[in-house]
1. Return the tail of the calculated pair distribution for region 60-100, meaning the percent of Cα-Cα pairs more than 14 Å apart.
2. Which whole-number percent of Cα pairs in region 97-210 have a distance greater than 22 Å?
3. Could you give the Stokes-Einstein D for region 365-434 in µm² per second, using the C-alpha Kirkwood radius, 25 °C, 0.890 mPa s?
4. Which value, in nm² and rounded to one decimal, describes the direction-averaged projected area of the C-alpha convex hull of the chain?
5. Sorting 20, 402 on the 10 Å Cβ count, fewest up front, what's the list?
6. I'm checking a number: the convex hull volume of the Cα atoms of region 177-309, normalised per residue, in Å³. What is it?
7. Just subtract the alpha-carbon distance of residue 224 and residue 236 from 0.36 nm times their residue separation and send over the number in nm, one decimal.
8. Please compute the length gained on full extension between residue 20 and residue 330, using 0.36 nm multiplied by the number of residues separating them and subtracting their Cα-Cα distance.
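Just so you know, all these numbers are worked out from the coordinates, no wet-lab data involved. Remember, it's a predicted structure, so these values are computed and weren't measured experimentally. Cβ placement follows ideal geometry from the backbone for every residue including glycine, while neighbour counts extend to all protein chains displayed.
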Ligand code: PMP
């Protein structure tokens, strides 16, 4: 049985105090601060396989996996070896390398929609660039996004809080101007009728429709097949560029991403996380006729000093090679089903209203009576119960996403015994929830 320990150790607490005097909120990306569950974060010293080790020497079973990238487990020896070897040859040249073509080939072979690809440094860069390219090739200005879908901190995409009706976007953050979001149309996920009506009204003016083909960023929300099919056919008819943001789902829900899993091929795809093997790397790609309009083949500007960085490319390329050679997807599916079933049973036994939504190794336990199909559904979840669950799991050495509105991820190094240990811990924690 898992041993119960105080939530955050003294060294992490001290480290956070120091960090808060140096960096805004003590972190370099907000979700890490544990703000949504009202606490102070663990400071990590190292990681190996499925485990994180904090400053206080405690070990945690990791269900965040760096928010997605670590599908092979932390510090996979071959990935580490590739990074070290690349580093010895120099960390950046600002000139082309053959390794970039190697990774490009792997991506093109894996992802059905990608014929040409451009490497960038993050998921945000990938979506920002894809939107620009879609606008550039169509000569149109409007874009559609869905409430509760996150595409990085791109100004025009920082519009998420919303109603189920089609509304013109209102920015989520100070500093994002009305001008930057004026052309963003916000719709409700899985709403075929709203989507159809919007295309009837604005179709000829819509440059791009961007969506998460399994949502991770309002918790795990699964598209209906009708919704994806409608997105495909409406955009095709209107001459709109359909962009699947597969930063989370790429190489996660299947090697070829959600587009392979659901059999729907978009015009463009954005990638991040796994494609960089834990290093800063993203990518966007699509049909050659679209991508060949990007500079210097075409006129649409997009560039990066560190893009195609040799160390990041080595990590990404090695990760994809290992995933292809020894696909973990069946095992991840089986363990994902086992965890989903176990968490659901634990919640039922505790008399807690809940939904477990899962695709393979991505899932969320929602403290919510009703199935979650869109942001309005997700928003009705019980955040206070979630926070109790989160801290109870931390006390038992299990590191879950610190928000109801994030999906958990696990890796190929997570074993059946670890999954079962997680279910036991969840049973204890859920039984104690008020
Ligand atoms: N798109 C999706 C679907 C994401 O989940 C994320 C990050 N969580 C991003 C884009 C942005 O990626 P990054 O944080 O690397 O900029």
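1. Working: 506 of 820 pairs.
Every Cα pair in region 60-100 considered, those over 14 Å come to 62 percent.
2. Percent of Cα pairs beyond 22 Å in region 97-210: 40.
3. Numbers: Rh = 13.0 Å.
Result for D is 188 µm²/s.
4. Working: hull surface 80.1 nm².
Over all viewing directions, the chain projects a mean Cα-hull area of 20.0 nm².
5. On the way: 20 14, 402 23.
With the fewest neighbours first, 20, 402 line up as 20, 402.
6. Working: hull volume 19.2 nm³, N = 133.
Hull volume over Cα atoms, normalised by residue count, gives 144 Å³.
7. Details: separation 12, 0.36 × 12 = 4.32 nm, distance 1.86 nm.
Taking residue 224 through residue 236 to full extension adds about 2.5 nm, to one decimal.
8. Numbers: separation 310, 0.36 × 310 = 111.60 nm, distance 4.23 nm.
Extra length available between residue 20 and residue 330 comes to 107.4 nm.
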